[in-house]
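The values are calculated or read from the model by the stated rules, or taken from the named source; none is laboratory data. Only a predicted model underlies this, so the values are computations on that prediction, with no experimental measurement involved. Cβ sites come from the backbone with ideal geometry, for glycine too, and all protein chains shown count toward neighbours. When the accessible area is computed, the model is the full protein with side chains, heavy atoms only, and any ligands, DNA or RNA have been set aside. Shrake-Rupley method; radii C 1.70, N 1.55, O 1.52, S 1.80 Å.
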Amino acid sequence: MQRPDISLEFFPPKSLEASFRLWDTVQNLAPLGPRFVSVTYGAGGTTRELTRDAVKAIHKHSGLRTAAHLTCVNATREETLGIATEFWDAGVKDIVALRGDPPKGQERFTPTDGGFESSPELIAALKDTRDFTVRVGAYPDIHPNAGSMDDDVQFLKRKFEAGADEALTQFFFEAETFFRFRDACEKAGIDKPIVPGIFPVENWKGARRFAEGCGTKIPQWVIDAFEKAERDGHTDLLAKSLCTELCSELIDGGVDKLHFYTLNKPELTRDVCHAIGVTPETRLENVA
Ligand code: FAD
């Protein structure tokens, strides 16, 4: 099996204890040699300062290439580009550019007065401001706001035309879902990298809620398997083997990059990475 390149996603800590947990996760996973790590931006634009501080701290203290997530929610164009420029000046040259979800209680995204109206607008403005590497979201299970897979793919194409360099996908449960989406993108003329987002399920109930919220379909066999594993008390084992199998099918299907949603917990991501051959030793071999 070909060793894939990995990237890792974290969320910003909201307490001192959570800061230690995040740093512990970074230190645990850094030896796997991620090509970059990223820090999310709270839904509704709620963690602007926390994201900024976490991105800068990880970039400065870990030496890892670090990307900041930015959304169009709850900020004017000037504020958003101001934050981006601050990142650039601190040496952070990677942005994950998103429209974002609306704040709690709001059904649909509505632009802020003077704010970006869509992700392609944000992407183009970032590229005009500095030579950022811009990554964007993509949705193999189709985004809840999209009319069809075709509409979703056409919208992703607009994001690449606006200057995006790479897409990171929402998580999904079956390799086939990703391959179908990748084929549709290829057919639409998209030739930029589309990197599968991998979600090692630490907490089944939480994962289910998360999937429902973002439009990820959960196959019945996955639901049955987790419910049985919960009854039998071996959810961890199931999570590890399902996630490893998914990654391994993706790699067999030609995928060479994986983006892990770590939820600031290192164990499962590390174990899955080891199982697919991503270990500190292979990283050193690659460097040599
Ligand atoms: P877009 O791609 O801009 O829009 C989503 C879909 O809606 C499109 O694919 C398209 O089908 C449809 N659509 C939107 N606008 C139009 C239009 N004008 N015309 C036609 N169709 C349209 N959320 C956060 O709040 N913070 C984060 O840090 C964060 N990180 C994420 C990281 C990744 C890798 C992913 C995949 C998602 C992340 N999200 C995050 C969630 C994301 O904000 C939501 O999924 C949001 O609803 C869509 O953001 P987007 O930029 O992908 O949307």
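Listed here are the residues, each with its yes/no results for (1) more than 22 Å from residue 124 (Cα to Cα); (2) touching a strand residue (DSSP E or B) at 6+ places or on another chain (Cβ under 7 Å); (3) buried (at least 19 other Cβ atoms within 10 Å of the Cβ); (4) among the basic types (Lys, Arg).
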residue: 8; (1), (2), (3), (4): yes, yes, yes, no
residue: 25; (1), (2), (3), (4): yes, yes, yes, no
residue: 53; (1), (2), (3), (4): yes, no, no, no
residue: 75; (1), (2), (3), (4): no, no, yes, no
residue: 78; (1), (2), (3), (4): no, no, no, no
Item to check | Residue within the stretch 180-187 that is in contact with a Gly (Cβ under 8 Å, 6 or more places away or on another chain) and surrounded by 13 or more Cβ atoms within 10 Å (Cβ to Cβ) present | outcome: no
Checklist outcome for this item: Subset of the stretch 101-121, residues open to solvent by 20 Å² or more (accessible area, probe 1.4 Å) and of a type in the set (S, T, N, Q), comes to 106, 110, 112, 118
Item to check | Subset of the stretch 80-100 [of a type in the set (A, V, I, L, M, F, W, C), surrounded by fewer than 21 Cβ atoms within 10 Å (Cβ to Cβ) and out of contact with any helix residue (DSSP H, G or I) (no Cβ under 7 Å at 6 or more places or on another chain)] | outcome: 88
Checklist entry - Does residue 60 count as within 16 Å of the ligand (Cβ to nearest atom) and free of Cβ contacts under 8 Å to residues at least 40 places away in the same chain? => result no
Next on the checklist: Tell me yes or no: at least one residue of the stretch 214-234 is within 18 Å of the chain's Cα centre (by Cα) and among the hydroxyl-bearing types (Ser, Thr, Tyr).
Outcome noted: yes
Checklist entry - Is it true that some residue in the stretch 169-191 is farther than 19 Å from residue 152 by Cα and free of Cβ contacts under 8 Å to residues at least 40 places away in the same chain? => result no
Checklist outcome for this item: Picked from the stretch 189-210 (must be among the hydrophobic types (A, V, I, L, M, F, W, C) and farther than 19 Å from residue 179 by Cα), the residue nearest to the ligand (Cβ to nearest atom) is 210
